[in-house]
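The values are calculated or read from the model by the stated rules, or taken from the named source; none is laboratory data. These figures come from a predicted structure and were not determined experimentally. Virtual Cβ from ideal backbone geometry, glycine too; neighbours counted across all protein chains shown. SASA here: full protein model, heavy atoms, side chains in, ligands and nucleic acids out. Shrake-Rupley method; radii C 1.70, N 1.55, O 1.52, S 1.80 Å.
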Amino acid sequence: MWRHAAARRSAQIRRLLSTSAPSSGAGSAVRGPCIVHKRGTDILHDPWYNKDTAFPLTERDRLGLRGLLPPRVMSFEQQYERFINSYHSLEHNTQGEPDSVVSLAKWRILNRLHDRNETLYYRVLIDNIKDFAPIIYTPTVGLVCENYSGLFRRPRGMYFSAKDKGEMMSMIYNWPAEKVDMIVVTDGSRILGLGDLGVQGIGIPIGKLDVYVAAAGINPQKVLPIMLDVGTNNEELLEDKLCGLRQPRLEGEEYLAVVDEFMEAVHARWPKAIVQFEDFQMKWAFETLQRYRSRFCMFNDDVQGTAGVALAGLLGAVRAQGRPLADFTKQKIVVVGAGSAGIGVLNMAKHAMLRMPGTHKIGELGEGHNQFWVLDKDGLITKSRKDLDPAVARFARGYGPEEVEDLHEGASLVEVVKKVKPHVLLGLSGVGGIFNEEVLKAMKESDSPCPAIFAMSNPTTKAECTPEDVFKHVGENAVFASGSPFSNVTLSNGRKGYANQANNMYLFPGIGLGALLSGARHISDGMLHAAAECLASYITDDAIRKGILFPSISSIRHITARVGAAVARAAVDEDLAEGCPDLDPRDLRSMSESDTVDYVARKMWYPVYSPLVNDK
Ligand SMILES: NC(=O)C1=CN([C@@H]2O[C@H](COP(=O)(O)OP(=O)(O)OC[C@H]3O[C@@H](n4cnc5c(N)ncnc54)[C@H](O)[C@@H]3O)[C@@H](O)[C@H]2O)C=CC1
Ligand SMILES: CC(=O)C(=O)O
Ligand SMILES: [Mg+2]
């Protein structure tokens, strides 16, 4: 009997792996027809259906487009080439202009393409993700948020404000798409390292969701960027022509009531949508994570996504030293920044140390084991610090007899580095240039043969240091990673000094996709660890020896397929997977690891023009 069931199941899996639902439109370039309920200019003005000059003549006849377009039909490839050429002309014509002017001009040309023709936009984005990620994502997205009220032309996403209390359950039905899979929400209170940008922070959910489409192949019709506008405490913005609420931020129960109502409304309309919280100030990042994580399928990217990426980098740093992974427990790690990202990293790194093979023997790695030195704006955090947040207190140094470096509460970064001689210096402080020459020169004395410097703050202006500074002051044996992209550095003997990018974009798309495809009830620590381990194991020993800790952004779809599969499998292992409309969780359970990766990759949406058929 069970044999029949197993045979049925494997036939089902073969079917799943050999077909792709037209709506998700996997990697294939052939797409079934798409029913459109519009005609004429309404189609040309809808970026989802618009093909510009690529509408074939038969379609122009069918859809009432004849005469509304120049007569020559262009191919997708010609349109693609034309866009790339105009992008390159823009690069050429803006040579010598300030970086911010050039970046904003590039953002505008991409944004205009998005607003006109989504298929072409997402194809150029997917094919050129390494070049375009710095425009639609960090660092340019930071500049876009800072100037959002002035740049605003067409709305993207939804806005729920403090004035909408009691209305959200009906407002959510104003969103035109029937199905939403992925939501990124912010309250704009800590946008990258730029602080409180109020409603202008909407640029971040938009940018993150573009990365979801490019990396995870989420269908752009099923993503929803959201801004919770609860005011801003940014005085300059309040005085400016801000397009959001001009009032101080809601606090306490009033604030939580808005977020509660929003979460209930989303869940009522799309119970299986994944909600990613992004760029909330620390107190609300932790509070909302704790409040919602077991009730909804949600995660906080800054706390949890960043932690996984940093952990992958930290494990890479151990391998770069030629040491076994188990030696991770002996690494001395200085973390600068004890905010939502820093504490997220510390928690995950500590947890990973406790899980290292051979380290769970009683007494070997108990709570007293502390390989971390954590600094915030007031310097080194020790147990003598008053009013210490319990989340931070776990990592405060005791400065009793067992700690020999003779450091004190509030010690400066340079003092700490000189005394501790850490293997890793990791910045999530939002303070540009804080790893100055003195600090980096002190890292030369690190106990590691290849000291690791992670300047993870965004955007570029907030990076704790540059790769040039690291290879110059720490030495050419150093390894480097940053949150925003930098160029590689040429070292003295012509070797490359790698400027790795350590950004949560390596993980959040796979976390969201894995949770979505498995139909996870919620996102567990096990699923997040699976994501981090998958990323850590992606890089080969050969690459690590050269100083490459993270794969190229160009491989982001492949990486995301692997991460998504790892997350989905972890959901199955923990009995959290409820499946999705075309996948029973039992099918997922019987797939091999490589079949799961294949399945996830095939579910990714890929932009091609579909033949359009009018329903009238
Ligand atoms: N690379 C990546 O994937 C990610 C990077 N980030 C970046 O990390 C930075 C921090 O983010 P959050 O932790 O959410 O912010 P946060 O505001 O919660 O925390 C900032 C922390 O830095 C500390 N700090 C401020 N000035 C300092 C100084 N002079 N010396 C030492 N510490 C100082 C603060 O006391 C606080 O503990 C931002 O720039 C953000 O863009 C955040 C998430 C992901
Ligand atoms: C990358 C990111 O999530 C941040 O800087 O906040
Ligand atoms: Mg963020």
Next on the checklist: Checking the structure you have, find out if any residue of region 528-549 is among the small types (Gly, Ala, Ser) and on the phi > 0 side of the Ramachandran plot.
Outcome noted: yes
Checklist entry - What are the residues in region 85-108 that are surrounded by 13 or more Cβ atoms within 10 Å (Cβ to Cβ) and among the β-branched types (Val, Ile, Thr), if any? => result Thr94, Val102
Checklist entry - Among the residues of region 194-205 satisfying the criterion of being crowded, with 24+ Cβ neighbours inside 10 Å and farther than 16 Å from Gly150 by Cβ, which is nearest to ligand 2 (Cβ to nearest atom)? => result Ile204
Checklist entry - Counting only residues that are under 16 Å from Leu245 (Cβ atoms), more than 16 Å from ligand 3 (Cβ to nearest atom) and touching a Leu at 6+ places or on another chain (Cβ under 8 Å), how many does region 160-193 have? => result 4
Checklist entry - Taking region 440-462 only, how many residues are within 13 Å of ligand 2 (Cβ to nearest atom) and open to solvent by 40 Å² or more (accessible area, probe 1.4 Å)? => result 3
Checklist entry - Looking at (1) crowded, with 24+ Cβ neighbours inside 10 Å; (2) within 22 Å of Leu192 (Cβ to Cβ), can you tell me which one Ala499 breaks? => result (1)
Checklist entry - Can you pull out the residues in region 162-193 that are among the small types (Gly, Ala, Ser), crowded, with 18+ Cβ neighbours inside 10 Å and out of contact with any Gly (no Cβ under 7 Å at 6 or more places or on another chain)? => result Ser189
Checklist entry - Of everything in region 289-325 that's among the β-branched types (Val, Ile, Thr) and out of contact with any Asp or Glu (no Cβ under 9 Å at 6 or more places or on another chain), which residue is nearest to ligand 3 (Cβ to nearest atom)? => result Thr306
Item to check | Within region 56-167, helices (runs of 4 or more DSSP H) holding 1 or more residues that are within 24 Å of Gln501 (Cα to Cα) | outcome: 76-93, 99-116, 118-127, 129-136, 140-146
Item to check | Yes/no for Ala320 being within 12 Å of ligand 2 (Cβ to nearest atom) and among the aliphatic types (A, V, I, L, M) | outcome: no
Checklist entry - Does Ala317 satisfy being of a type in the set (A, V, I, L, M, F, W, C), buried (at least 23 other Cβ atoms within 10 Å of the Cβ) and at negative phi? => result yes
Checklist entry - Somewhere in region 381-398, is a residue among the acidic types (Asp, Glu) and touching a Ser or Thr at 6+ places or on another chain (Cβ under 9 Å)? => result no
Checklist entry - Which one is modelled with the lowest pLDDT among residues in region 586-600 that are within 15 Å of Gly564 (Cα to Cα) and open to solvent by 40 Å² or more (accessible area, probe 1.4 Å)? => result Arg589
Checklist outcome for this item: Residues of region 209-239 being open to solvent by 10 Å² or more (accessible area, probe 1.4 Å), touching a strand residue (DSSP E or B) at 6+ places or on another chain (Cβ under 9 Å) and in a helix (DSSP H, G or I), in sequence order, are Lys222
Checklist entry - Residues of region 499-525 being touching a strand residue (DSSP E or B) at 6+ places or on another chain (Cβ under 9 Å) and among the hydroxyl-bearing types (Ser, Thr, Tyr), which ones? => result Ser518
Checklist outcome for this item: Residue count, region 471-496, condition buried (at least 23 other Cβ atoms within 10 Å of the Cβ), in contact with a helix residue (DSSP H, G or I) (Cβ under 6 Å, 6 or more places away or on another chain) and under 25 Å from Lys418 (Cα atoms), comes to 5
Item to check | Options Val572, Val600, Val613: the member that is out of contact with any Phe, Trp or Tyr (no Cβ under 9 Å at 6 or more places or on another chain), in contact (Cβ under 8 Å) with a residue 40 or more places away in the chain and not in a helix (DSSP H, G or I) | outcome: Val613
Next on the checklist: Quick test of your reading of the structure: Glu59 fulfils all but one of (1) under 30 Å from Asn614 (Cα atoms); (2) surrounded by fewer than 18 Cβ atoms within 10 Å (Cβ to Cβ). Name the failing condition by number.
Outcome noted: (2)
Next on the checklist: Anything in region 182-209 that is over 21 Å from Val259 (Cβ atoms) and away from ligand 1 (no atom under 16 Å from the Cβ)? List them, or say none.
Outcome noted: none
Checklist entry - Regarding Leu242, is this residue more than 16 Å from ligand 2 (Cβ to nearest atom) and not in a helix (DSSP H, G or I)? => result yes
Checklist outcome for this item: Over region 115-128, the set of residues within 20 Å of the chain's Cα centre (by Cα) and open to solvent by 10 Å² or more (accessible area, probe 1.4 Å) is Arg123, Ile126, Asp127, Asn128
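For every residue, the table says whether it meets (1) touching a residue at least 24 places away in the same chain (Cβ under 8 Å); (2) open to solvent by 10 Å² or more (accessible area, probe 1.4 Å); (3) of a type in the set (S, T, N, Q); (4) not in a strand (DSSP E or B).
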position: Arg385; (1), (2), (3), (4): yes, yes, no, yes
position: Leu388; (1), (2), (3), (4): no, yes, no, yes
position: Tyr399; (1), (2), (3), (4): no, yes, no, yes
position: Val417; (1), (2), (3), (4): yes, no, no, yes
position: Pro422; (1), (2), (3), (4): yes, no, no, yes
position: Leu425; (1), (2), (3), (4): yes, no, no, no
position: Ile434; (1), (2), (3), (4): yes, yes, no, yes
position: Glu438; (1), (2), (3), (4): yes, yes, no, yes
Item to check | Count of region 41-87 residues which are touching a residue at least 40 places away in the same chain (Cβ under 8 Å) and β-branched (Val, Ile, Thr) | outcome: 2
Checklist entry - Since Leu250 meets every condition but one in (1) open to solvent by 20 Å² or more (accessible area, probe 1.4 Å); (2) assigned to a helix (DSSP H, G or I); (3) in contact (Cβ under 8 Å) with a residue 60 or more places away in the chain, which condition does it not meet? => result (2)
Next on the checklist: Whether any residue in region 463-483 is small (Gly, Ala, Ser), in a helix (DSSP H, G or I) and under 30 Å from Gly564 (Cα atoms) is what I want to check.
Outcome noted: no
